[in-house]
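Working notes, structure below.
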Amino acid sequence: MTRIDERGSDENTPMDTVVTKKNNGRVTVKELNRLISDVQEYPLQAESNWYVVSNAWWSKVLEAAKQGYVEDIPSINNASISCKSGDAYFLRSNLAESIDFHLLPEPVFNRLKEVYGLDLADRDYICRKVVSKNGKPVVEVYPRVVMVYLARDNTRCCELRLTGSDTLIDLRDRALKSLGLSSVPPDRLRFYIAHGDKYELIDISQQNIDSYFDTAQKVYVDVCNSDDRWFINNDKQSTSRADYAANSMSSSYS
């Protein structure tokens, strides 16, 4: 499969160089308590990095600070909040902050990683960006990612991360560039969202991507061929936004 990755999916972040075992550094109880306080007080700044850690591991940190036994803290372990697909680890869906996971600012995470290491680098290093939503900075734990496929050849695809300022036209242009379709006339292109075995025609003129895209979505680009035939047609049960909404009021997808 030809996959063009823009980065920024919910895939746990791979590291080229990482401490995977405890080193000789140590934290004192005083420093550990300061690091814990920093988690609550550290400001959210746009584009800064925060890190996801499991509640199972963070609870051990809090308990060690309370008891005064900092040497009892194990390596950072996110097994309880991660799942593996193929060769990559991903953050499990529908996790709740403070119940399933906690967010650590970069300086705090780096210090704890330096001292305690990571149990498994590809799984336990989960970096997320601070983005602006409704004018406020938030950590985007589940980045919105769209997989765009060429309808006639699903081996040609690209992965696009949606930002708060993106419009459907922005998404279209980035997808066409990644798939090498920028030269195709607009009237020879159609875009669909896949809902199981049904396809919903996207109205590119709509500005608000929130009306179309959830956490993860599959989009298909259909190119009209030289015989003026589309690959996706009525036989493939294409539907409109209104039809889909009417038929799936109680359904959800991700």
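The values are calculated or read from the model by the stated rules, or taken from the named source; none is laboratory data. Source: prediction; values computed, not measured. Cβ sites come from the backbone with ideal geometry, for glycine too, and all protein chains shown count toward neighbours.
Some notes on this structure:
- Output for segment 59-88, where each listed residue is basic (Lys, Arg) and under 25 Å from the mean Cα position of the chain (by Cα): Lys84
- Qualifying residue in segment 159-176 (condition: of a type in the set (Val, Ile, Thr) and buried (at least 19 other Cβ atoms within 10 Å of the Cβ)): no
- Answer residue from segment 71-101, given it is at pLDDT 95 or above and surrounded by 19 or more Cβ atoms within 10 Å (Cβ to Cβ) and is farthest from Ile36 (Cα to Cα) among those: Ser82
- Pairs where the first residue, in segment 82-111, is in the same structural domain as Ile36 (by the TED database) and of a type outside the set (A, V, I, L, M, F, W, C) and the second is in a loop (DSSP other than H, G, I, E, B) and surrounded by 11 or more Cβ atoms within 10 Å (Cβ to Cβ), C-beta under 7 Å, 6+ apart: Ser82/Asn12; Ser82/Arg92; Tyr89/Asn12; Pro105/Tyr42; Glu106/Ser48
- Members of segment 208-244 found to be within 20 Å of Leu162 (Cβ to Cβ) and at pLDDT 65 or above, listed by number: Asn208, Ile209, Asp210, Ser211, Tyr212, Phe213, Gln217, Lys218, Val219, Tyr220, Val221
- A Cβ distance below 9 Å, combined with a sequence gap of six or more or placement on separate chains, defines the contacts here; from segment 119-139, residues that are on the phi > 0 side of the Ramachandran plot reach residues that are not hydrophobic (A, V, I, L, M, F, W, C) in the pairs Asn134/Gly164.
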